[in-house]
Amino acid sequence: MCHAGAVNDRTTDATTSRASIGILGGTGPAGSGLAARLASIGHSVTIGSRSADRASATRDELAERWPDIGDLLAGGDNAAASDADIVVIATPWDGAAAVAQENADLLDGKIVISMANALVRVNKEFQPLVPPRGSVAAHVQAAVPRCRLVAAFHHLPAAELGEIDHPIDSDVLICGDDPEAVREVSAMVDGIPGCRPLDAGQLSNATAIEAFTAVLLQLNVRYKTRVAPRLTGISDAS
Ligand SMILES: NC(=O)c1ccc[n+]([C@@H]2O[C@H](COP(=O)([O-])OP(=O)(O)OC[C@H]3O[C@@H](n4cnc5c(N)ncnc54)[C@H](OP(=O)(O)O)[C@@H]3O)[C@@H](O)[C@H]2O)c1
């Protein structure tokens, strides 16, 4: 059970001024975990899906588990989620550009966050893949050229995102070609207890950020845990 104070005392008074968030593919572990986490810091979140019914069911499951954030959550199809101020793509890598393109009219001019990683698991080994244009994020940017693409959240384990009564102890590497969009996403990440946003440069660095996820997943297997990155040597990340 989540209690209001435990969700996030830092942010509850700012709810109305917060950007609304839509999550394409929000019915999966990553998207639903992020939905709960962002609602816990005061964002209203629309969980998107190819099926509005599935999205509503995911919304209801989250609201049942975390009643304090129920009012901030909605479910709808991916178009409904694309109507939000900021849109996150949380589909498998090979569906990301297509789902963005299907909703391109709604995404034009908006900040679109890609958290998708191009990976394949072969037996016990995670291997990074190289999608068109070098990263999922760059592929999405090419599919919707007028959106303000930011790559973020690749390394946060879904289960940790969804446990909103605990902080997430992690750095969040963020990159993109629109500095103001990177700043806005960084401010959002900074509101998540335990998370430190780090400006990781241009969108071209999404290739390395996405591929590094394969390393983290391999560490999870090897050490039977859920790792998240924390970098040393940066004392002031502002
Ligand atoms: N799992 C993690 O810990 C984690 C952490 C960070 C980042 N990520 C990244 O986040 C993304 C989502 O991860 P996940 O584990 O939540 O994935 P997932 O469960 O496989 O997929 C998420 C949702 O995407 C939708 N979807 C599936 N195939 C699709 C397609 N071809 N086109 C459009 N939508 C499709 C499905 O929703 P509907 O059927 O309802 O439409 C599904 O519930 C991945 O790219 C992953 O690399 C995952």
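Being of a type in the set (A, V, I, L, M, F, W, C), within 16 Å of the ligand (Cβ to nearest atom) and closer than 18 Å to G26 by Cβ: is that true of A118 here?
The answer is no for A118.
Can you tell me which residue among A200, A208 is closer than 21 Å to A118 by Cα and either open to solvent by 60 Å² or more (accessible area, probe 1.4 Å) or modelled with pLDDT under 95 (or both)?
A208
When you go through D190, D169 one by one, which is the residue that is in contact with a Lys or Arg (Cβ under 8 Å, 6 or more places away or on another chain), surrounded by fewer than 19 Cβ atoms within 10 Å (Cβ to Cβ) and without any contact (Cβ under 8 Å) to a residue 40 or more places away in the chain?
D190
Somewhere in the stretch 55-76, is a residue assigned to a helix (DSSP H, G or I), open to solvent by 30 Å² or more (accessible area, probe 1.4 Å) and at pLDDT below 95?
Scanning the stretch 55-76, I find no residue that is assigned to a helix (DSSP H, G or I), open to solvent by 30 Å² or more (accessible area, probe 1.4 Å) and at pLDDT below 95, so the answer is no.
The values are calculated or read from the model by the stated rules, or taken from the named source; none is laboratory data. Please read all numbers here as calculations on a predicted model, not as lab measurements. Positions of Cβ are backbone-derived with ideal geometry, glycine not excepted, and every protein chain shown enters the neighbour counts. For accessibility, only protein heavy atoms count, side chains too; no ligands or nucleic acids. Shrake-Rupley method; radii C 1.70, N 1.55, O 1.52, S 1.80 Å.
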